[in-house]
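What follows draws every value from the coordinates through simple rules; no lab data is involved. As the structure is a computational prediction, the values presented were derived from the model and not from experiment. Neighbour counts run over all protein chains shown; Cβ positions are idealised from the backbone, glycine included.
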């Protein structure tokens, strides 16, 4: 009996020690801010302040966010970057750069330049008149100037070099642009288009590097053929995942992974990580019960088959009562619970290297 008690106390002591070491590791990690570029997967509300229909600043969006506030996040609550920011011990959510409620004192510890419905390709952002990636970079340059005025030039440069720059985009380039609009498909084969997008990603990362960024996470594509919208329209495939879209995601992710290796070799002091959400998302979708979900093919909002944005607002009376039982919030975007699982996976398996 005493031996068992001693063993339990030893295990408990080791557990406490591990927690203390993890806390010390985070405290000494020197990640002062989370800086975000991308699309609706990480847009914290920038689209609220531009003339576009790609918005979500109304109920039922945000119903599980702090205060039940619809911030412009395409979710019932928080998005992955919010959870990542909290995991780094910075703050519970990352604000949108264009939101007038916030200023440089808020942005000094985290800011999102992301815009829903955008992509690497300028033609993608033109579809719904949203913020292109090049414009996000211009906002970032303005942010750096404001940060220098606020912190002083030396501390601002130090902050930029130690902050994690997160990129999450690409899905819209294929689903909203290449496979929907006539332009790019007539110019490029799917493989050529991937090369075109990867070259834009490379140029963007090089520009971030030239501006002082040293810790960058390049996000991959999810299994986009399994989004409820794609499954709803896959009638011939009995509403299963669209394998062609998933294969494209896998191919493009391989290109981004290779790009990561290349740039780490070519850019001195660079720590570029490839954050791949594909396999964890696919596991959640294929085996939702493992994570406590009841539905992976139909979303929470309205009928759950094709609604997002304003269509969710019109159909809110039909929305589910408990979003935590659903993998997807609307036909394109995960629920807060799914975002938290994916964020933890990426944090533990990829971003933890920035704590070293």
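Among (i) 16.1; (ii) 17.6; (iii) 20.4, which is the computed mean projected area of the Cα convex hull in nm²? Looking at mean projected area of the Cα convex hull in nm² for this model, the match is (iii). From the alpha carbon centroid of the stretch 167-212 to that of the stretch 83-132 is 19 Å. Considering only 156, 114, 44, the Gaussian network model of the chain with Cα springs below 10 Å gives its largest mean-square fluctuation to 156. Spin-label model, residue 105/residue 289: points 7 Å from Cα along the beta carbon direction are separated by 5.3 nm.
Stretched out straight at 0.36 nm per residue, the stretch from residue 311 to residue 243 would grow longer than its current Cα-Cα span by 21.8 nm. Projecting label points 7 angstrom from Cα along Cα→Cβ for residue 355 and residue 303 puts them 4.5 nm apart.
For the chain, DSSP calls about 5 percent of its internal beta bridges antiparallel. Each label point was placed 7 Å from the Cα along the Cα-to-Cβ direction; for residue 129 and residue 203 their separation is 2.5 nm.
What FRET efficiency comes out for residue 266 versus residue 57 if R0 is 45 angstrom and r is the Cβ-Cβ distance? Round to the nearest 0.05. Plugging the Cβ-Cβ distance into 1/(1 + (r/R0)^6) gives 0.65. Relative contact order for the stretch 78-222: 22 percent, from Cα pairs under 8 Å spaced at least 6 residues apart, divided by residue count. Stretching the chain fully between residue 251 and residue 236 yields a gain of 3.0 nm (0.36 nm per residue, less the alpha carbon separation).
Kindly identify the stretch 168-232 as rounded, prolate or oblate by the Cα gyration tensor criterion: order the square roots of the eigenvalues as a ≥ b ≥ c, call it rounded if a/c is under 1.5, otherwise compare a/b with b/c, prolate if a/b is larger, else oblate. It comes out oblate by the Cα gyration axes.
Structure remark: mean-square fluctuation, Gaussian network model of the chain, C-alpha springs under 10 Å; the largest value among 152, 110, 309 belongs to 152. Would the stretch 215-345 count as rounded, prolate or oblate if I go by the C-alpha gyration tensor, calling it rounded below 1.5 in a/c and otherwise prolate when a/b exceeds b/c, oblate otherwise? Prolate is the answer for the stretch 215-345, as a/c is 1.5 or above and a/b outweighs b/c.
Calculated [222 nm] ellipticity per residue, helices only, for the chain: -14000 deg cm²/dmol; basis is -39500 (n - 2.57) per DSSP H run with n ≥ 4, divided by all residues, nearest 500. Taking 80, 100, 228 in turn, the Gaussian network model of the chain (Cα-Cα springs below 10 Å) assigns the largest fluctuation to 100.
For the pair residue 192 and residue 161, the difference between a 0.36 nm per residue extended length and the Cα-Cα distance amounts to 7.8 nm. Rounded, prolate or oblate: which fits the stretch 63-183, taking a ≥ b ≥ c as square roots of the Cα gyration tensor eigenvalues, rounded meaning a/c under 1.5, else prolate when a/b beats b/c? Here the stretch 63-183 falls in the oblate category.
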